[in-house]
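Read the figures in this text as sums done on the coordinates, not as results from a lab. A quick note: this is a predicted structure, and the numbers were derived from the prediction, not measured. Cβ coordinates were reconstructed from backbone atoms using ideal geometry, including for glycine residues, and neighbour counts include every protein chain displayed.
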Amino acid sequence: MSRPDPAHQPNDACRAGSPDASLRSRADLAAAQAGGAQPAAAVADALARAEAVDRRLAQALADVPVPEGLAERILGSLLSAVPAAPAAEAAPRAPEAPERAAECQTQCLTRGSRLSRRRWVELGAGACAAAVLGALAFRFWPRTPRRIVPHELAQMTEAWLRQIQSPAGWSSDVAALPTPLRPPAAVRAAPQRWRRFVTPEGWSSVAIDFAAPGSPRAVLLVVRSSARFAVPEMPLPRTRLPLSSAGPAAIAWQKGDLLYVLAVVEDGQRLDDFIVQPAVV
C-alpha cells in the first residue's frame, strides 16, 4: 500500500500556534528546504498549500461546548438498544392456607353438587326402569291361577242361575251355538234354547236350557275362565255342589279353560238322567 503524501496529512496542524515546519509530518519538507534538494519556490508553494489547508481545518473544527447530559443520553440509548435477557418467570405463589382452604371447599362443593345431581338422575332412571319392569312382570309373568273350592263355586253358581232367570236374551236357534261351547259328549240331552251372559267375575259364559217349556228346569252353564276349580275333569253325580236345599242339584267339572256346571231341578227327573255314566271295566 503506497504511503500517502506527508504534505496532505495535517495531523496536529489544526492546533493554534503550532510551527508547521517543526512537526514530524513536515519533517521531509523542512529537510528538503534546508538541504536544497528541491527548488525553494516549489517547497514554499507546497508549504503554503499545506498551511492553507490547516487554516481551513482549524476554522471548520472550532471547539463548541458539549451539551449537558449528552454522555448519559448516549449511554442510555446504547443500553436500551441491547436486548435484555428474558427474566425467569416467577414461580406461582402458593396460596396461603385460608385461600387454599376456601378454594378446596369450593371445588369440593362443586364436585359434590355434580355427583349429587348425577346420583339423583341415576336413581330416578333406576326407579322408572324398575316400575316399568314391575308392570311388565305383573302383566306377562305367568301366575298360578287361583283355585276355587266347591263351597265358593256353589255360591257363584246360585248367582249365575239368578242372572239367567230373565226370559230376555234367550235364543231357540241352537244351530248358532258356538261349537266350542256346545254340550260335551258326557251330557245326553238336546238343547232347547241358549243365551250368552257375563258372570259378575267378568267371565264370558253360555247357558244352555234342556227343558221343554213347562218342564222342570235343567240347564248347563259353560263358563270360560282361567281360574282353577277344585272339581273333577269329568261329570261325577256323587260330587255335587253344596247348593241351598231349595235349589236344584248341581255338579261341576272342568276341561282346560272351560268350566261346566249342570243344574237340574229334580222334580220328576234326576240329575243322573242327563249324564252319560262311564263304563265300568
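Just check region 147-274 against the gyration tensor rule for me: Cα atoms, a ≥ b ≥ c as the square roots of the eigenvalues, rounded for a/c under 1.5, and otherwise prolate or oblate depending on whether a/b exceeds b/c. Intermediate values should be presented prior to the final figure.
Values: a/c = 1.35, a/b = 1.12, b/c = 1.20.
Cα axes put region 147-274 in the rounded bin.
Full extension from TRP170 to ALA44: what is 0.36 nm times the residue separation minus their Cα-Cα distance, to one decimal in nm?
Numbers: separation 126, 0.36 × 126 = 45.36 nm, distance 17.04 nm.
So the extension gain works out to 28.3 nm.
Pulled fully out, how much extra length does the chain show between SER77 and SER215, if you take 0.36 nm times their separation in residues and subtract their Cα-Cα distance?
Values: separation 138, 0.36 × 138 = 49.68 nm, distance 13.95 nm.
Extra length available between SER77 and SER215 comes to 35.7 nm.
At 0.36 nm per residue, and after removing the present C-alpha to C-alpha distance, how many nm does the segment from ARG182 to MET234 gain when stretched out fully?
Between ARG182 and MET234, full extension yields 17.2 nm more.
How large is ³J(HN,Hα) for each residue in region 179-191, as worked out from phi by the Karplus curve 6.51 cos²θ - 1.76 cosθ + 1.60 (θ = phi - 60°), to whole Hz, x for Gly and Pro?
4, x, 9, 6, x, x, 5, 6, 9, 10, 7, 9, x
Starting from the 7 Å offset along Cα-to-Cβ, what nm value, one decimal, do you get for the label separation of ALA227 and GLU122?
Taking the simple label geometry, ALA227 and GLU122 are separated by 4.7 nm.
Please name whichever of SER172, ALA212, PHE197 sits farthest to the positive end of the charge dipole of region 164-220, dipole taken about the Cα centre and charges placed at Cβ: Lys and Arg +1, Asp and Glu -1.
Going by the Cα projections, it comes out as ALA212.
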